[in-house]
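The values are calculated or read from the model by the stated rules, or taken from the named source; none is laboratory data. Owing to the predicted nature of the structure, the values given are computational and were not obtained by experimental measurement. Cβ placement follows ideal geometry from the backbone for every residue including glycine, while neighbour counts extend to all protein chains displayed.
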Amino acid sequence: TKQKLWGGRFTGKTDPLMHEFNQSLRYDQRMHAADIRGSIAYSKALTISGILSKAEETKIIEGLEAVEKEWANSQFKIQPDDEDIHTANERRLSELIGPLGGKLHTGRSRNDQVATDMRLWLLDEVKDIETGLKGLLNVMVERADKEKDVLLPGYTHLQRGQPIRWSHLLLSHAFSFHSDLQRLKELVPRISILPLGCGALAGNPFNVDREFLRKELGFQLIAENSLWGVGDRDFIAEFLMWSSLAMTHISRMAEDLIVYSTAEFGFITLSDAYSTGSSIMPQKKNPDSLELLRGKSGRIFGNMAGFLMTLKGLPSTYNKDLQEDKEPLFDTVDNISACFRIAEGVVATMEVHAEKMRQALTMDVLATDLADYLVRKGTPFRETHHISGRAVAMAETRGVQLNELTLEDYRGLSDKFGSDVHAVFDFEASVERRNAIGGTSKDMVARQVDVLRKALSS
Ligand code: ARG
């Protein structure tokens with residue numbers, strides 16, 4: 001008769017609903033490769049400890065490799081009593097190699113095993129996510145480099161503020177992603193800590209060589225406290241926090257692009273590849289890709305907040321609540337990976353309408369430059385701000401643009417205005433004056449491209 005892995009002290013049967021409730025294999029099977037890797041390393045460590053002979057180790061490793069092959073080829077047959085990936089793999093190993101399979105778990109617990117698997121699995125995923133993030137960043141930087149000549153209004157409060165280069169706007173989002181890239185790399189040393197060898201909670205009684213395990217599995221550090229090693233999930237919480245912040249950046253960029261893709265703005269058109277239509281309104285082309293990028297941020301914040309609530313109030317070491325780390329983590333990894341790839345595609349393929357952007361540059365966005373003009377003639381900025389404001393009001397009352405006021409009009413506001421005042425009304429000149437580091441002049445935009453290119457190649 002079949003036995004549960006932990007069945008020895010039990011006489012009663014598990015309630016069928018409880019059996020289902022407790023089972024995590026349907027989602028944790030995706031860690032099969034990490035689980036097998038951990039077990040292969042552990043069997044080698046058991047040989048060093050003298051628990052296994054070299055021949056036994058070889059047989060166990062061959063068995064584990066055979067199990068992994070079954071997973072990889074979708075041939076692994078799940079049995080009803082397979083509770084999670086650890087029990088499933090061990091059950092199958094023993095079927096393949098006999099009772100020797102039962103030696104593998106010596107001194108090990110699913111508690112140090114699962115923590116090890118999660119860390120190994122996440123370290124691999126973080127590499128993929130880094131690749132996805134760099135792909136997006138690269139497309140943004142290259143696009144910004146090519147489109148430096150496109151000007152548009154920069155907005156605050158969604159009201160036209162000052163002229164800027166389109167590339168400057170694109171790069172502002174790129175710098176957020178650049179910080180995300182730095183932060184992602186900074187997570188790695190805290191994920192890369194080996195729990196294996198912590199046992200159930202108190203440590204390993206067979207003097208297992210944890211330095212060997214660390215090297216074998218490629219971890220940077222060893223968990224120095226076994227209670228912490230089995231109970232810590234901060235590396236998951238931190239990854240979820242990282243994801244939430246990165247999704248905030250994706251969402252804010254998506255929001256800009258959604259607004260710019262409306263007919264009212266008309267600054268960009270999404271490619272058909274990233275848009276969908278309406279089932280009733282034939283004219284519609286909806287930015288669903290961007291809306292999902294914005295919308296997915298909500299579920300990812302939810303994964304983070306939910307998991308922090310799972311952690312809060314747990315007693316020390318392992319509690320089954322910790323099995324609830326998996327679905328929020330997996331869901332976050334899957335969705336954020338997709339988001340980076342979709343965002344990359346959207347940005348790479350959208351059409352930028354330079355002419356529409358230029359048309360949105362009304363003369364009032366040069367009101368700051370008009371004030372600055374007087375500053376250069378020696379008037380204190382607070383006064384020039386006021387004078388320029390009066391010019392704006394005058395133009396507004398007459399229904400004309402700032403550059404349509406005459407020199408006499410200007411001289412009526414301040415005798416510092418000279419015949420060169422109309423030279424202010426030049427958008428290109430305005431952006432070129434923002435030539436201090438960080439500004440929207442062409443050189444400073446090129447500098448940003450350089451900084452980000454360097455970051456991407458390091
Ligand atoms: N499936 C469990 C989890 O994901 C593995 C650890 C189980 N340990 C235990 N003592 N029940 O957390």
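For Arg30, only one of the following conditions fails: (1) within 20 Å of Leu196 (Cα to Cα); (2) buried (at least 18 other Cβ atoms within 10 Å of the Cβ). What is its number?
Only one criterion in (1) within 20 Å of Leu196 (Cα to Cα); (2) buried (at least 18 other Cβ atoms within 10 Å of the Cβ) is unmet by Arg30, namely (2).
Show me the helices (runs of 4 or more DSSP H) entirely contained within segment 313-410 in which 3 or more residues are among the small types (Gly, Ala, Ser).
326-349, 381-398
Name the residues in segment 109-132 that are assigned to a helix (DSSP H, G or I) and under 13 Å from Gly231 (Cβ atoms), would you?
Residues satisfying the conditions are Asn111, Asp112, Val114, Ala115, Met118.
Restricting to segment 76-121, and then to whatever is away from the ligand (no atom under 14 Å from the Cβ) and β-branched (Val, Ile, Thr), can you tell me which residue is surrounded by the most Cβ atoms within 10 Å (Cβ to Cβ)?
Among those residues, the one meeting the criterion is Ile97.
Looking only at segment 245-286, count how many residues are closer than 13 Å to Glu351 by Cβ and either surrounded by 19 or more Cβ atoms within 10 Å (Cβ to Cβ) or in contact with a Gly (Cβ under 6 Å, 6 or more places away or on another chain) (or both).
Summing the residues that are closer than 13 Å to Glu351 by Cβ and either surrounded by 19 or more Cβ atoms within 10 Å (Cβ to Cβ) or in contact with a Gly (Cβ under 6 Å, 6 or more places away or on another chain) (or both) in segment 245-286 gives 7.
The rows are residues; the columns are (1) in contact (Cβ under 8 Å) with a residue 24 or more places away in the chain; (2) crowded, with 17+ Cβ neighbours inside 10 Å; (3) away from the ligand (no atom under 13 Å from the Cβ).
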{"site": "Gly12", "(1), (2), (3)": "no, no, yes"}
{"site": "Leu17", "(1), (2), (3)": "no, no, yes"}
{"site": "Asp35", "(1), (2), (3)": "yes, yes, no"}
{"site": "Ser39", "(1), (2), (3)": "yes, yes, yes"}
{"site": "Ser53", "(1), (2), (3)": "no, no, yes"}
{"site": "Lys59", "(1), (2), (3)": "yes, yes, yes"}
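Go through segment 286-338 and give me each residue that's of a type in the set (A, V, I, L, M, F, W, C) and either touching a Cys at 6+ places or on another chain (Cβ under 9 Å) or modelled with pLDDT under 95 (or both).
Leu292, Leu293, Ile300, listed by residue number.
List the residue pairs whose Cβ atoms are under 6 Å apart, where the first residue sits in segment 112-133 and is hydrophobic (A, V, I, L, M, F, W, C), the second is within 16 Å of the ligand (Cβ to nearest atom), and the two are 6 or more positions apart or on different chains.
Ala115/Pro195; Ala115/Val230; Leu120/Ala34; Trp121/Met31; Trp121/Ala34
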